[in-house]
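First the structure, in the form of structure tokens, and then the observations on it.
The values are calculated or read from the model by the stated rules, or taken from the named source; none is laboratory data. Please read all numbers here as calculations on a predicted model, not as lab measurements. When we count neighbours, we look across all protein chains shown, and the Cβ atoms used for this are built from the backbone with ideal geometry, even at glycine. These accessible areas exclude ligands, DNA and RNA; they are computed on the full protein's heavy atoms, side chains included. Shrake-Rupley method; radii C 1.70, N 1.55, O 1.52, S 1.80 Å.
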There are 2 protein chains.
Amino acid sequence: MVADERTRKLVAASSEVVLANHVEPTADMRAERARASFDSEELAAYLNGGRHKLQRKAELVKMLSDSEWGNKSRRYFLTRQEEYTGALQGILGIWDLVQDKQISLDDALLMRQLFNLPGGLELHIGMFIPSILSQASEEQQAKWLPLAQNLRIIGTYAQTELGHGTFVRGLETTATYDVEREEFVVHSPTLSSTKWWPGGLGKTATHVILMARLFVDSKDYGPHAFIVQIRTLDTHRPLPGIKVGDIGPKAGYNAVDNGYLSFDHVRIPREAMLMRFAKVSREGKYSPPPAANSKASYATMVYVRATIVEEAGWVLAKAATIAIRYNAVRRQTTARAGQKELQVLDYQNTAAELLPLLAASYALIFMGKSAMGMYKQFEADRDRGEFSSLPELHAVLSGLKALSTWITSDGIEACRRGCGGHGYSLLSGLPTLFASYVQNATWEGDNNVMCLQTARYLLKNLLAVQSGKPAAGSAAYLQSAQQEMQSRCSLESAEGWLQAEPLLAAFRHRATRLCIVAVQALQAEGGGKLAFEGPAWNACTVDMIRLARAHSLLVLYSNFADSVKQLASQGAVSAACVAALRKLVALYGLTSLLRELGDFLEDGYMSGSQASQARQQQYALLRGLRPDAVALVDSFGFEDYLLNSALGRKDGDVYRDLLQRAEVSPLNASEEGPAWEGILKTRLAGPHARL
Amino acid sequence: MVADERTRKLVAASSEVVLANHVEPTADMRAERARASFDSEELAAYLNGGRHKLQRKAELVKMLSDSEWGNKSRRYFLTRQEEYTGALQGILGIWDLVQDKQISLDDALLMRQLFNLPGGLELHIGMFIPSILSQASEEQQAKWLPLAQNLRIIGTYAQTELGHGTFVRGLETTATYDVEREEFVVHSPTLSSTKWWPGGLGKTATHVILMARLFVDSKDYGPHAFIVQIRTLDTHRPLPGIKVGDIGPKAGYNAVDNGYLSFDHVRIPREAMLMRFAKVSREGKYSPPPAANSKASYATMVYVRATIVEEAGWVLAKAATIAIRYNAVRRQTTARAGQKELQVLDYQNTAAELLPLLAASYALIFMGKSAMGMYKQFEADRDRGEFSSLPELHAVLSGLKALSTWITSDGIEACRRGCGGHGYSLLSGLPTLFASYVQNATWEGDNNVMCLQTARYLLKNLLAVQSGKPAAGSAAYLQSAQQEMQSRCSLESAEGWLQAEPLLAAFRHRATRLCIVAVQALQAEGGGKLAFEGPAWNACTVDMIRLARAHSLLVLYSNFADSVKQLASQGAVSAACVAALRKLVALYGLTSLLRELGDFLEDGYMSGSQASQARQQQYALLRGLRPDAVALVDSFGFEDYLLNSALGRKDGDVYRDLLQRAEVSPLNASEEGPAWEGILKTRLAGPHARL
């Protein structure tokens, strides 16, 4: 619509008043980068494994954006069916690039992360093939591996049932050996024994590794693994006796066809049992697995938890990047007319919400690096037949799995709320990030159960100490539990809280005290006796979980402080980077301490005035870190393609992006919208265009 | 598939072993109801306004389920377009029932709650018509009301812009008066001035109440309201100069077409300005609104906040109902083989997570009743020209809006996680409940901004007291701030914490102390001066928000305790009900205290041993409330139709429900799934059905 000259002039006078205080978000973003105290590209190169990795990532992003299947422009508009097929096309696209030797296997891993839409092949790659490798006999491997690796079959791993997740021994699916026909009969005796949740099971997989209770001669040998074909290879329809399908929509992760599966007296050959360790002979003789095997399968669980810890920091970092970039260009409210509005990140409460989450991202990323390092050390030991570090590794990673996924789940949502109304739009990227992440708190070991495992380990270590034996590994601090109970925080100034040691001491003290409290509670519930399962234990789980969280925080914080110290002593990054990271270490420690301040005051370890000095120092750190906020998220090195967020754009041009994405959303396919014909027209339509 | 007799016998022996420890969830649910200490139907009748209301609700549910538009069986499978059109069909269905006199207006309200899918008419009903009623002149009302009330036009309320939410004075859309043509020219001078978020704006509304900055003779008079037609009435297409559409998908609430809208020099008649209060004459003379008007529009905001507080408890109650029912029939883990597994609600940590949320639901429901009562009292005063209670009402409801929506948002997610893996399925109802609720924390006044309003009020009251004037209303306790700082908790036993008074005293003490701390902080930042906005204020917002939360919790808890006390003294429900409610009051208070224990220890108000007694009492209450857990959620009186949750079924038959809902989900429309043809077939298909 072209207005006449007079109208334009009239309106221009009003516009001028409005524009006087208007700031373009891209200008704000440039100013933010100009004020940083260190070089974010240097830190990004370090965190990402070198400048060449960042470079390669950019090239892969280009390949992805240019491909039909890698383009993300419709990602937030897909129906469930489109998500499912789109994810398969994506992973097959990457698969083909590897086959055609256009990219390396390392590139493929990076590409999967960038593409960022897990689909129906996740468990084929992540569980089916690895299970065959670890649990199948040589003959079985020779038969199944080529089929799986060449995608002639697609598999998944079917353990969880409608009624059983955590407690594997309680599974109800049965596999009964029929010695006459040398076959197993697989059966689902109850509704609740229906397999439920396996990824790729719904509509993709042709085969499963099935966990079922083995019965031979009416004797229950507990859960064992079988390989079972569930769909025909020529029509992809379920085989007779098998009911299989998708479990329906979820909060997120909907490109994956999590499935259900039940069996009505389905016969499979004896050779379908994975027989690298446990065996059933033709004659029906059962041979149990050697003891080392249970340790090996234990190791797989531990590995999965290490990967979850590793991922947590990077996921929270994405949320922090989006929220901090947006709040750096978002302006709201001025006290006086005629002044520019304030950047929202300059409000103390916004900084107090977002900067600790930035610090937590770094803490978790460094923890992930160490967790993977610990796991690799264990692998090297294991290959020499040495399993002694497994209990410690298991205890540390169980608690860290819980703590890190809680921090990240809650942190993403805090970032989303920190973006005000726009955080509620899918186009911000935050709701999808949250919805596709939060299952981490309940899968691969429910977080509460994880904490109980860690608590059990700590209690046993404390009891060992009390009976004169040494405490081990991450629990070593319990060695001096008795003396620790007498120790008190000795800081006398706010500046003291800038150092890691007083914070570490406080976290150590708390964990020690809570361990002693937990033992006392368990003893009281058990009438003086100590049992690590059963009624008394179940009545003390609140104290146990508190303890495990406190211990895990100590591990996390101590690793963060150590990692930055090492970085500095190795000269891996410049002094300016180290200085910024040191502030993050202090902020993370102080925020964690102040959030659970009662724990440190309850037994008099800290005084009220020490608490108030800690708070002063926390506020000072928020001010000190503010100029580096954007540079610190730039340092994660995320591509716009990966974040796929209108609010998290590197250039800050958030409002244009929101509008452009909205304009092409499906509801806007027609001007009059999908409700005009058939619903609104009969009621609204009048003879005239205007009233 | 029919197995032969021998196979069936073989397998039956295995099944017998499995079934020995199997418990049907429906049996668990019956047992739960049998052990309750009070009559849940009695309490349900009280909470729902009488047995006749429950009866009527059941009848309306029947009407809804039987209607085509009210059936919810596909609710979790809808595309965005289907959600949008489905919600419109629903509200129009209810509308028609009222027109046909099949149901009353009260019934229609109930039906909307039961149908539970807000859509494109929400703001027509909730903002457009009320705005005309409150802000249009008599002539304007005569013109617009019949059109709106007969659905000849559909309206919405367009205030928020891409770049402006909270700060209304910063809006950038302009309406410039053209005295020559006696028209306004409406214009969007920047991208960020695009209207963004109004519900129903995207594809439904034909008209908007537009908030735009009024310019007359180049002078800026700030935001004013105009009624503007945006779409033609014969084709539903946008009028010239108008760009309008849907803002794209959100975390939830997707049946509502939240929209964007921008203007390119659009002319509207002078009469389009709503002129009940402010006016622009033909000659371009501006008359400001009388002072009372700003109070009236203030009152609308306050009303909206009261409704949000009222809703919060009922929403959290839904989540608590689902999680508690499911965890009462969910069994997991036994310490010894051959024993039944434990109901998950019997683990202390599960009870410690869910029962306080149950208590919070009750606390919020009673608060909602009182908040509405306070608002109605104000209305009665207002109609007598008496506005003096408005500042108090505004301050109380702002803080409560924030606290209650935080509690409910976080509480739903905690309930979801408390359901383990199945909580992640949409079929549980919990993800949708969360996603469609959490915008409450950021809309209608961002929670942090709400807290700042309350804090400002409290600080002013404290300053009044310090200068010898009285503190008012909910801030009356600040009257004795000086003495309060010396007071200490005097309890000497765990049982003492069963009473409300020690908890109230603790909450009062904390709020008082934090108010004094906040004044000191503000003074320090302002170099001795006290300014309630500007740089010093912005640098103290963390302390201000802490204060507002502490104050609001005091109001919430005090109202909960008082309401139950009144219930008892009035004999409104039986003693057995009251006894259960009293335990909830104590549990809620103790949980709130222990969660922020540091606040009570920091200045020595409580001692460590008092804290540990409080914790003992909390644990005892969890045990004491456990037998009544299911009865206490039954008392909310939710219909299965409303909850629409496989896990929250009243009869406990959760696994059958999950499976049945999954089977009909769209991905299961064909046996081979949507990826077979075109994606998987070319790679997988072999000549044989089996390997």
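Before moving on, here are some points about what is shown:
- Average beta carbon contacts from partner chains per residue of B:598-605, 10 Å cutoff: 6
- Table column - 3J(HN,Hα) (Hz), the stretch A:677-691, Karplus curve with 6.51, -1.76, 1.60, x for Gly and Pro: 5, x, 10, 7, 4, 4, 8, 8, 4, x, x, 10, 5, 10, 7
- When B and A come together, around 14600 square angstrom of accessible surface is lost from both chains combined, probe 1.4 Å.
- With its label point defined 7 Å out from Cα along the Cα-to-Cβ axis, A:Ala31 lies at 6.7 nm from the matching points of the other copies, in increasing order.
- Cα-based Rg / Dmax (Å) for the stretch B:123-289: 15.0, 48
- Applying the Karplus relation 6.51 cos²θ - 1.76 cosθ + 1.60 with θ = phi - 60° to the stretch B:395-410 yields 3J(HN,Hα) values of 5, 5, 6, 4, x, 5, 4, 5, 4, 5, 6, 5, 4, 6, 4, 5 Hz, where x marks Gly and Pro.
- The mean count of C-beta atoms from other chains within 10 Å of the C-beta of residues in A:238-247, rounded to a whole number, is 4.
- Carbon and sulfur %, accessible surface of chain A computed with the full protein complex present, 1.4 Å: 52
- 5 angstrom amide H check on A:Arg237, placed H, neighbours 5+ away: A:Thr232
- The stretch B:125-135 - phi-based ³J(HN,Hα) in whole Hz, Karplus 6.51/-1.76/1.60, Gly and Pro as x: 6, x, 10, 5, 4, x, 5, 4, 4, 8, 10
- Measuring only protein heavy atoms, the 1.4 Å probe finds A:Trp196 accessible over about 0 Å².
- Distance from the alpha carbon centroid of the stretch A:428-492 to that of the stretch B:460-476 works out to 47 angstrom.
- Placing pseudo-labels 7 Å out from each Cα toward the beta carbon at A:Ser104 and B:Gln570 gives an inter-label distance of 7.5 nm.
- Percent antiparallel among DSSP beta bridges (both partners in chain B, rounded to 5): 80
- Global form of the stretch A:261-400, assessed from the alpha-carbon gyration tensor, a/c cut-off 1.5: prolate
- Residue order by solvent-accessible surface for A:Asp106, B:Asp603 is A:Asp106, B:Asp603, largest first, with ligands and nucleic acids left out and a 1.4 Å probe.
- Under the shape rule built on the C-alpha gyration tensor, where the axes satisfy a ≥ b ≥ c, chain B is oblate, since a/c reaches at least 1.5 while a/b does not exceed b/c.
- Taking amide H as placed 1.01 Å from N in the peptide plane, the amide H of A:Lys279 sits under 5 Å from that of A:Ser287, each at least 5 places away or on another chain.
- Cβ-vector label at 7 Å, A:Ala531, separations to other copies in nm: 6.7
- Ordering of A:162-168, B:334-340 by burial proxy (mean other Cβ atoms within 10 Å per residue, highest first): A:162-168, B:334-340
- Other-copy label distances relative to B:Pro391, 7 angstrom Cα-Cβ extension, nm: 6.7
- Heavy-atom accessible area ranking, 1.4 Å probe, most first, across A:Glu283, B:Glu495, B:Glu161: A:Glu283, B:Glu495, B:Glu161
- Stokes-Einstein diffusion coefficient of the stretch A:84-159, Kirkwood radius over Cα pairs, 4 °C, 1.567 mPa s, in µm²/s: 98
- Peptide A:543-552 has a mean shielding of 1, counted as Cβ atoms of other protein chains within 10 Å of each residue's Cβ.
- Taking the centroid of alpha carbons for each part, the stretch A:563-601 and the stretch A:324-365 are 21 Å apart.
- The residues of the stretch A:296-634 present an accessible area of 33 Å² per residue when probed at 1.4 Å with all protein chains retained.
- Residues A:Ser490, B:Ser131, ordered by accessible area of protein heavy atoms at a 1.4 angstrom probe radius and largest first, appear as A:Ser490, B:Ser131.
- Distance from the C-alpha centroid of the stretch A:25-102 to that of the stretch A:621-668: 14 Å, rounded to the whole angstrom.
- Cross-link table A:Lys101/A:Lys376; A:Lys340/A:Lys650; A:Lys279/A:Lys460; B:Lys195/B:Lys369; A:Lys53/B:Lys250; A:Lys243/B:Lys340, entries beyond 30 Å C-alpha to C-alpha: A:Lys279/A:Lys460; B:Lys195/B:Lys369; A:Lys53/B:Lys250
- Computed helical MRE - 222 nm, the protein assembly as shown, DSSP H runs ≥ 4 contributing -39500 (n - 2.57), nearest 500: -17000 deg cm²/dmol
- Translational diffusion of the protein assembly as shown, µm² s⁻¹ [Kirkwood Rh, Cα pairs; Stokes-Einstein; 10 °C; 1.306 mPa s]: 48
- Rounded, prolate or oblate (a/c below 1.5 giving rounded, otherwise prolate when a/b exceeds b/c) for the stretch A:296-634 by Cα gyration tensor: prolate
- Each of B:Ala31 and A:Ala20 was given a label point 7 Å from its Cα along the Cα-to-Cβ line. The distance between the two points is 7.6 nm.
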